[in-house]
1. Is it the case that P435 is within 12 Å of the ligand (Cβ to nearest atom) and under 18 Å from the mean Cα position of the chain (by Cα)?
2. So, P472, is that one away from the ligand (no atom under 15 Å from the Cβ), in contact with a Leu (Cβ under 7 Å, 6 or more places away or on another chain) and assigned to a loop (DSSP other than H, G, I, E, B) or not?
3. Show the residue pairs meeting these rules: Cβ distance below 7 Å; 6+ apart or different chains; first residue within segment 366-395 and on the phi < 0 side of the Ramachandran plot and touching a residue at least 12 places away in the same chain (Cβ under 8 Å); second residue within 16 Å of the ligand (Cβ to nearest atom) and among the basic types (K, R).
4. Taking segment 363-394 as the region of interest, how many residues are among the polar types (S, T, N, Q) and either away from the ligand (no atom under 14 Å from the Cβ) or over 30 Å from R422 (Cβ atoms) (or both)?
5. Can you tell me which of R134, R154, R95 is farther than 30 Å from A304 by Cα and of a type in the set (K, R)?
6. Considering only segment 162-176, I want to know if a residue exists there that is surrounded by 18 or more Cβ atoms within 10 Å (Cβ to Cβ), within 12 Å of the ligand (Cβ to nearest atom) and β-branched (V, I, T).
7. Say whether the condition of being at pLDDT 80 or above and either farther than 24 Å from I484 by Cα or of a type in the set (D, E) (or both) is met by at least one residue in segment 24-36.
8. Among (1) at pLDDT 90 or above; (2) out of contact with any strand residue (DSSP E or B) (no Cβ under 7 Å at 6 or more places or on another chain), which single condition is R189 missing?
Amino acid sequence: MTTITRAARSGFGSGLGGTVARTLSIPEPAWHLRDPARPGISGRNSDDAGPVDDGAGLSAAPSLPMGRVRASLTYTLREGDVIFGASERYGDVFRSEFAGGPGRIVMLSNPAHIASLMSRPDGAPSATRFSPLRPIVGPDSVLTSVGPRHKQQRGLLLPQFHGRAVAAYQQRIDAATARRIDEWQPGERVALADIGQQITLDVIMSAVFGIDDEAGATRAERAVRSSMIRLLHLSTHPLATVVQLVNARSPEPRGALKMVLRPLDRAIYAVIAERRREGADGPDGGGRSDILTVLMAARGDDGAPLADSEIRDELLTLVLAGHETTSNSVAWTFERLTRNPEVYRRAVLAAREDDEEAYLEALINESMRSRPVVPIVARELLSDWRFGDYVVDRGVVALISILLLHHREELYPRPYAFDPERFLGVKPSPQKLMPFGGGSRRCLGAGLAMAELRVVVTQILQRVDLAMTDAPAEQPRHRNVTMIPGRGGLVTALSRD
Ligand code: HEM
């Protein structure tokens with residue numbers, strides 16, 4: 001036990017990572033350090049899947065041989081390695097039980113099994129009540145609600161993230177990206193997650209609150225931005241896992257989270273009050289088109305407007321869901337590129353000379369395949385469910401492993417290699433490439449995220465020459481629902497235009 005605690009605190013340098021792995025019987029090498037030529041995981045199960053009344057003839061799925069506390073601990077410390085090891089040993093369906101969080105789980109990675117869940121949202125709704133974001137954004141936002149409430153909130157927000165709306169954000173994305181790259185000094189070593197965070201925060205604050213530049217913002221609007229940054233810093237703090245555990249399954253925020261949320265809530269309510277006084281025409285009478293304005297104008301089925309607390313929950317959801325995900329996808333893309341010089345050279349050519357959008361799109365897809373920033377989505381089984389040769393009891397939470405799905409040999413030969421060419425000229429099937437989840441809960445901001453990734457990745461490739469590195473691949477860290485590069489996607493700029 002002492003070994004685990006010490007190793008965990010020191011962030012698993014390779015030596016201590018090995019100690020943790022041996023102590024907890026996790027196979028080495030860690031999944032992210034595997035030889036690119038190594039074959040991926042393979043499914044050994046039939047594709048039959050769906051709800052069943054009677055599981056006669058089917059057996060219980062294999063279970064990880066460890067108690068609830070040990071399972072929680074191993075999973076918290078080395079999530080990726082645990083699931084790669086288990087899938088190699090037990091196949092593509094295996095169970096476990098955690099001391100906290102969702103309790104009994106089954107882990108899945110077979111595309112047909114996953115499709116059986118995604119296509120039946122009523123039988124397998126999103127397991128949002130276990131989301132670590134729930135104490136922050138409340139139970140009623142588009143991310144945390146289920147059933148009719150979810151449908152209503154999604155219907156309200158969807159038009160804000162569709163093609164035309166995203167095209168309207170394009171200029172803001174270009175400008176925010178150019179501004180941040182201008183600040184980047186040649187020779188400087190930066191964590192791309194930080195640059196990505198500033199860009200995505202600029203974009204999302206502009207889309208959600210209509211705050212385009214700080215100088216023109218009101219005091220309350222500036223307070224929203226600074227309290228939001230404090231909240232985001234808390235989520236990147238080394239003790240974030242503790243904060244998460246303290247808040248697990250709690251409908252209300254507790255401890256440090258409560259303290260950080262209080263000023264943020266005050267600031268958001270002050271902005272809402274300002275807007276109510278101003279009316280939808282804005283201070284200069286020119287009209288506003290930001291998401292806050294849309295939410296304030298919305299009417300429920302009963303004709304009543306949304307309460308301020310509901311608007312607050314929705315706004316916070318969009319900022320939180322859209323921020324860390326996109327910035328760390330940028331960071332992973334360059335973490336991969338700086339360790340794959342051939343691919344980097346090809347990507348630079350595509351961005352600078354050939355204007356080859358298809359290659360850049362393939363690059364982004366490959367980055368999200370090999371390092372999906374949300375590695376798991378969860379669904380709750382409301383009835384017994386067949387997954388191939390096994391039956392799983394109702395009440396169990398199905399964890400759909402996007403990470404394992406993306407490393408199946410039959411879908412992606414040599415999946416540990418970073419090879420954008422595999423997506424060239426190929427429209428990825430939504431059943432096989434799933435960085436944004438799927439079904440009726442598919443990421444609401446996928447279009448905006450892709451627009452941001454295209455701009456940020458292309459501008460960096462065009463304007464900055466990056467040093468290649470022979471440092472080992474960055475250790476994936478699991479934080480809240482995300483999997484992020486342990487060093488933030490650390491790169492060095494050799495020069496910049
Ligand atoms: C690369 C960036 C992003 C990734 C990888 C990502 C991934 C995901 C995933 C996996 C889900 C869960 C889907 C499921 O359960 O099947 C999700 C949900 C969601 N995402 Fe994203 N996301 C990204 C960016 C964004 C952005 C930019 C926004 C908005 C500003 C956003 C807003 C949301 C919302 C509101 C939901 C909940 C949808 C619902 O439950 O109906 N995301 N995202």
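1. yes
2. Working: away from the ligand (no atom under 15 Å from the Cβ): yes; in contact with a Leu (Cβ under 7 Å, 6 or more places away or on another chain): yes; assigned to a loop (DSSP other than H, G, I, E, B): yes.
It is true that P472 is away from the ligand (no atom under 15 Å from the Cβ), in contact with a Leu (Cβ under 7 Å, 6 or more places away or on another chain) and assigned to a loop (DSSP other than H, G, I, E, B).
3. These pairs meet every condition: S367/R336; S370/R336; R371/R336.
4. Taking segment 363-394 and keeping what is among the polar types (S, T, N, Q), we get 365, 367, 370, 383.
Pick out the ones that are also either away from the ligand (no atom under 14 Å from the Cβ) or over 30 Å from R422 (Cβ atoms) (or both) and you get 383.
Residues that pass the stated criteria total 1.
5. Values: R134 fails: farther than 30 Å from A304 by Cα; R154 fails: farther than 30 Å from A304 by Cα.
The unique qualifying residue is R95.
6. yes
7. Keep residues of segment 24-36 that are at pLDDT 80 or above, which gives 30-36.
Narrowing further to those that are either farther than 24 Å from I484 by Cα or of a type in the set (D, E) (or both): 35.
Yes, some residue in segment 24-36 is at pLDDT 80 or above and either farther than 24 Å from I484 by Cα or of a type in the set (D, E) (or both).
8. Exception for R189: condition (2).
The values are calculated or read from the model by the stated rules, or taken from the named source; none is laboratory data. As the structure is a prediction and not an experimental result, all values here were calculated from the model. Virtual Cβ from ideal backbone geometry, glycine too; neighbours counted across all protein chains shown.
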